[in-house]
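Written below as structure tokens is the structure these notes are about.
Only the coordinates and a few stated rules stand behind these numbers; no lab work does. Note that the structure is a prediction, hence the values are computed from the model and not measured. Glycine also receives a Cβ, built like all others from the backbone with ideal geometry; neighbour counts cover every protein chain displayed.
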Amino acid sequence: MLFVNKKLKLLSFLAFLLVLAAFAMVLFYAPIELNMGIVQKVFYFHVSAAWIGMLAFLVAAVCGILYLNKKQLKYDFIAFSAVEIGLLFTAIANFSGMIWAKPIWNTWWTWDPRLTTMTIMAFTYIGYLLLRRGVDNPEKRARFGSVYAIIGFASVPLTFFSSRLLRTIHPTIFGADTGDMAMTPAMYQTMAVSIVAFTVLFAALLWRRSLLAARESELEILRAQTETLEFGEVLDD
Amino acid sequence: MTNLSYFIAGYLVIFGLLGAYVLRLVALKKRLEKEHTELTDHN
């Protein structure tokens, strides 16, 4: 059985409760922003999702380095899972951002540096998944994947600093001198709870997906053994 | 669409994508367990 793991179940339940609490804070605790109205509240989960996307790609790069050093496939399973989940959260950030942008910027999409670098980052990691699909040998796949995850990580700081270093209309929330989106303490608290909730959710999903990736790898070996056995039987006949 | 509609749409997309991924993991787990049973029985 894959999920007879009490700690994982507990972590998943905690993640569920935290996401629920964060959403309740978005609905009932965070005030409505004066200029943007209620649609501004999308931003709490949008920023958290973008943060998890970047964290996931950092985890993949670190696991890539660990795999190249230790040659243990478990690091490859974690790196692969992190990229898959990172892409999910990047998609959430992109789509929720587009929905926020329509009433605020009067367009779903613009080729702004932040949006463009975010898209480049997403396509970089789609490339990672495509590369892995093209390699059958598990060790070769892990080696190629690790190198790709390390090099591909260059797209993450590029995305993070794009709204700080380049001319952009995308608001900068943290570490901005301009203060283009001023927040009240209640807004900061909601933001913090959302980020913590998504981080715990990421940990739970990463754990589950890594277990499944390990099981997929076991099955790959089992399938190869079955095929060899069948081939032997055909030869005997 | 009003401002509220965009807010609702935003959270529908967020929870929709999260829910879809969780369902994908559940389906993948079931498929792998089934395949594992079949292969071990076969061997």
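Taking the criterion of being closer than 22 Å to B:G16 by Cβ and charged (D, E, K, R), the only residue of the range A:1-53 that qualifies is A:K41.
Among the residues of the range A:67-105, those that are of a type outside the set (A, V, I, L, M) and within 11 Å of another protein chain (Cβ to nearest Cβ) comprise A:S81, A:E84, A:F89, A:T90, A:N94, A:F95, A:S96, A:G97, A:W100, A:K102, A:P103. Counting the residues of the range A:19-49 that are surrounded by fewer than 19 Cβ atoms within 10 Å (Cβ to Cβ) and under 22 Å from the mean Cα position of the chain (by Cα) gives 2.
Taken across the range A:136-152, residues that are free of Cβ contacts under 8 Å to residues at least 12 places away in the same chain and either within 14 Å of A:C63 (Cα to Cα) or touching a Cys at 6+ places or on another chain (Cβ under 8 Å) (or both) do occur, with at least one present. The residues in the range A:17-29 that are within 12 Å of chain B (Cβ to nearest Cβ) and either touching a residue at least 40 places away in the same chain (Cβ under 8 Å) or of a type in the set (S, T, Y) (or both) can be counted, and the count is 3.
Taken together, B:L32, B:L18, B:L39, B:L28 contain a single residue that is touching a Lys or Arg at 6+ places or on another chain (Cβ under 6 Å), surrounded by 13 or more Cβ atoms within 10 Å (Cβ to Cβ), facing another protein chain (nearest Cβ under 9 Å) and part of a helix (DSSP H, G or I), which is B:L32.
Considering each residue of the range A:49-63 in turn, at least one proves to be closer than 20 Å to A:F153 by Cβ, out of contact with any Asp or Glu (no Cβ under 7 Å at 6 or more places or on another chain) and free of Cβ contacts under 8 Å to residues at least 40 places away in the same chain. Return the only residue of A:K140, A:K102 being out of contact with any strand residue (DSSP E or B) (no Cβ under 7 Å at 6 or more places or on another chain) and surrounded by fewer than 13 Cβ atoms within 10 Å (Cβ to Cβ). Going through A:K140, A:K102 in turn, the sole match is A:K140.
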